[in-house]
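J.: Can you read through this structure? Questions will come right after.
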Amino acid sequence: MKKQDTTSTVKGNYVRYATIDFGGDVWRFRNGSAGLFVGYQYWRERLDAYGVVFTVPPIGRTDGDSVPVVTNDVTWQSLRVGITGTAQFDTRTRFLFDGAFVPYAKVSDEDSHWMRVNPPDPDFFLGPAPNIHIKGTGYGFQFEAELRHEVRRDWEVGAGLRYWWLRATDGTRTALGFSVPLSELTSQRGGFTLSVTHRW
């Protein structure tokens, strides 16, 4: 088997998700409350890489950034169990927090290596796209915190932080009709959030 090492530029990506939680307040305090919830989350991400530079033979060969090279499409479906809380700083400003443990998550990952569908060198053939499939199960955790301020009656603006992490170690990786045990597949997403909320 010949070895190949390349670099490419990620020019396209998107994320879609939907979360449904059910729960309620369990503890109430003078300036806030805390509660428990259980829920479901759907999380899908896609990355598209274009262009290629070969870093091992044939060194120096390049394909332009208009050439699609790899598409990765991963979908998680997860069960969430967690705690949520609210702290009221004054009549118009409050802090919200929720932390969730993910005891079960199912993942489907598909890789399409476009230059290996019909390559000139048969050693790099991977078959029709998507040509690598991963199915597995795992676990994870999720965290969100946000500061919200009421700008007019029943309308709030907010800014916060979010971090999601999911990991699968039980599953299979399939290519060219052969399957091997999954070693590990991890997805994580974190960053700042901005929101506009209407309260009924």
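J.: Quick check on residue 118: is it out of contact with any Gly (no Cβ under 6 Å at 6 or more places or on another chain), among the polar types (S, T, N, Q) and surrounded by fewer than 16 Cβ atoms within 10 Å (Cβ to Cβ)?
T.: Considered against the rule, which asks whether it is out of contact with any Gly (no Cβ under 6 Å at 6 or more places or on another chain), among the polar types (S, T, N, Q) and surrounded by fewer than 16 Cβ atoms within 10 Å (Cβ to Cβ), residue 118 comes out as yes.
J.: A follow-up question, please. Output yes when any residue across the stretch 96-106 is touching a residue at least 12 places away in the same chain (Cβ under 8 Å) and within 28 Å of residue 65 (Cβ to Cβ), and no when none is.
T.: Checked against the condition, which is being touching a residue at least 12 places away in the same chain (Cβ under 8 Å) and within 28 Å of residue 65 (Cβ to Cβ), the stretch 96-106 yields no hits at all.
J.: Being within 18 Å of residue 42 (Cβ to Cβ) and either modelled with pLDDT of 95 or more or surrounded by 16 or more Cβ atoms within 10 Å (Cβ to Cβ) (or both) is true for just one of 157, 102, 180. Which residue is that?
T.: 102
J.: Could you count how many residues in the stretch 112-160 are in contact with a Phe, Trp or Tyr (Cβ under 6 Å, 6 or more places away or on another chain) and in a strand (DSSP E or B)?
T.: 6
J.: Please verify whether residue 172 is buried (at least 17 other Cβ atoms within 10 Å of the Cβ), of a type outside the set (Gly, Ala, Ser) and either without any contact (Cβ under 8 Å) to a residue 40 or more places away in the chain or under 30 Å from residue 24 (Cβ atoms) (or both), treating the condition exactly as stated.
T.: Spelling it out, it is not the case that residue 172 is buried (at least 17 other Cβ atoms within 10 Å of the Cβ), of a type outside the set (Gly, Ala, Ser) and either without any contact (Cβ under 8 Å) to a residue 40 or more places away in the chain or under 30 Å from residue 24 (Cβ atoms) (or both).
J.: Still on this structure: Out of the residues in the stretch 173-200 meeting the condition of being touching a Lys or Arg at 6+ places or on another chain (Cβ under 6 Å) and in a strand (DSSP E or B), tell me which one is nearest to residue 131 (Cα to Cα).
T.: Of everything passing the filter in the stretch 173-200, 180 is nearest to residue 131 (Cα to Cα).
J.: Can you name every residue in the stretch 107-123 that is more than 21 Å from residue 16 (Cα to Cα), out of contact with any Pro (no Cβ under 6 Å at 6 or more places or on another chain) and touching a residue at least 12 places away in the same chain (Cβ under 8 Å)?
T.: 113, 115, 116, 117, 121, 123
J.: OK, next. Is it the case that residue 165 is out of contact with any helix residue (DSSP H, G or I) (no Cβ under 7 Å at 6 or more places or on another chain), touching a residue at least 40 places away in the same chain (Cβ under 8 Å), closer than 30 Å to residue 7 by Cα and surrounded by 14 or more Cβ atoms within 10 Å (Cβ to Cβ)?
T.: So residue 165 does not fit the description; no.
J.: Could you check, for the stretch 83-93, whether at least one of its residues is farther than 25 Å from residue 196 by Cβ, in a strand (DSSP E or B) and either modelled with pLDDT of 95 or more or under 25 Å from the mean Cα position of the chain (by Cα) (or both)?
T.: yes
The values are calculated or read from the model by the stated rules, or taken from the named source; none is laboratory data. Everything numeric here is computed off the predicted structure, so don't read it as measured data. Methodologically, a virtual Cβ is constructed for each residue, glycine included, from the backbone with ideal geometry; neighbour enumeration extends over all protein chains shown.
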